[in-house]
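Inspection log for the structure reproduced underneath, given as C-alpha cells.
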Amino acid sequence: MIVLGVDPGTATTGYGVVGRADDGAVSLRECGVIRTAPAQPLALRLRDIFEGVNEVLDRARPDAVVVEGAFYARNVRTTLVLGHARGVILLAAALRQLPVVEYAPAEVKSVITGTGKATKEQIQFMVQRLLRLKEPPRPADAADAAAIALAHCYAVSLPRPRGAGPLGIVLAGRPR
C-alpha cells in the first residue's frame, strides 16, 4: 500500500509518501513541500497547490490520500484560507477517484509520539525513528505530512478497540 499524506497550507503544503509492505514494514518513498508565492493572489496560490499535488500524485501513484483534518485557528480568515487549500487537495484526489481519509492533528500526534500535544521537533524525531531515517525529514511540514501518512498505515493495519476513534485511540480509558 502506498499512502500520500498531506499537511495543507497556503504558503507551504507538506507532503509525504509512505509505503507499507505486506509484512507491515513501512518506508518513506519521498517527502517535501509545495511552496507558493505569498505576494500572489489566493486563486493563483491554490492553482499552484493543486498542480503541485497532481505532480506528486503522478509520481507516487498512491492507493490513498490522507489529509490533516481542519482545525480552528484563532483567526477566522486563517481557518477559511486553510479550508481553501484543503479543498484543492481533496479535489485533486477526487478527480483521480482516490480514497481520501482525514485525521485530526492531535490524533496523528498521539499515534506517532504518544501525546496529542507533541511539538514539531518531536514529530520530526519520531518520524525519523519509525521510518529508520538517517536524519529527520525537513522542513517540519514535510515531516508532518509523512507522520500523517504513517499514522494511516498504522491505522489500517491494527485492530481498533470497540468504540475507538478513527485511529483506534481511546482517551482517558474510555472509548470516545
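Values quoted throughout were computed directly from the atomic coordinates according to the rules given, and no laboratory measurement underlies them. Because the structure is a prediction, the values reported are computed rather than measured. For neighbour counting, all protein chains shown are included, and Cβ atoms are generated from backbone atoms with ideal geometry for every residue, glycine included.
Need one number: nm distance between label points at Thr119 and Arg96, each 7 Å from Cα along Cα→Cβ, rounded to one decimal.
Between Thr119 and Arg96, the simple spin-label model gives 3.5 nm.
In which sequence would Val6, Val67, Val127 go, from the one with the fewest C-beta neighbours within 10 Å to the one with the most? Display every interim value, and only then the final one.
Values: Val6 29, Val67 21, Val127 26.
In order of increasing Cβ crowding within 10 Å: Val67, Val127, Val6.
Using a Gaussian network for the chain with springs between C-alpha atoms less than 10 Å apart, which of these wobbles most: Val100, Val76, Val56?
Of Val100, Val76, Val56, the most mobile in the Gaussian network model is Val76.
Determine the dipole magnitude for the chain: charges of +1 sit on the beta-carbon of Lys and Arg, -1 on that of Asp and Glu, nothing else is charged, the reference point is the Cα centre, and the result goes in debye to the nearest 20.
That gives a dipole near 480 debye.
Modelled label-to-label distance, Glu30 and Glu51, 7 Å Cα→beta-carbon offset: nm?
Once both label points are built, they end up 1.7 nm from each other.
Counting alpha carbon pairs within less than 8 Å and at least 6 residues apart, what relative contact order, in whole percent, applies to the stretch 60-139?
25
So, R0 is 30 Å and r is the distance between the beta-carbons of Asp58 and Arg132; what FRET efficiency does that work out to, to 0.05?
Rounded to the nearest 0.05, the efficiency is 0.65.
Expressed as an acute angle from 0 to 90° and rounded to the nearest 10, what is the orientation of the C-alpha long axis of helix 140-157 relative to the principal long axis of the chain?
Orientation of helix 140-157: about 40 degrees from the principal axis.
Can you compute the FRET efficiency between Thr79 and Val156 using 1/(1 + (r/R0)^6), with r the Cβ-Cβ distance and R0 = 30 Å? Round to the nearest 0.05.
E between Thr79 and Val156, to the nearest 0.05, is 0.55.
To make sure I understand, if each residue's beta carbon is the centre and we count other beta carbons within 10 Å, what order do Leu82, Leu42, Leu91 fall in, fewest to most?
Taking fewest neighbouring Cβ atoms as first place, the list is Leu42, Leu91, Leu82.
Can you put Glu30, Glu68, Glu135, Glu107 in order of Cβ neighbours within 10 angstrom, beginning with the fewest? Before the final figure, lay out each step's value.
On the way: Glu30 15, Glu68 24, Glu135 7, Glu107 21.
The fewest-first ordering by Cβ neighbours comes to Glu135, Glu30, Glu107, Glu68.
Which lysines, if any, have their Cα less than 22 Å from the Cα of Lys134, not counting same-chain residues under 8 positions apart?
Lys109, Lys120
When only C-alpha pairs under 8 Å and at least 6 residues apart count, what is the relative contact order of the chain, in percent?
Answer for the chain is 28 percent.
Can you give me the orientation-averaged projected area of the convex hull built on the Cα atoms of the chain, in nm²?
The Cα convex hull of the chain, projected and averaged over all directions, gives 10.5 nm².
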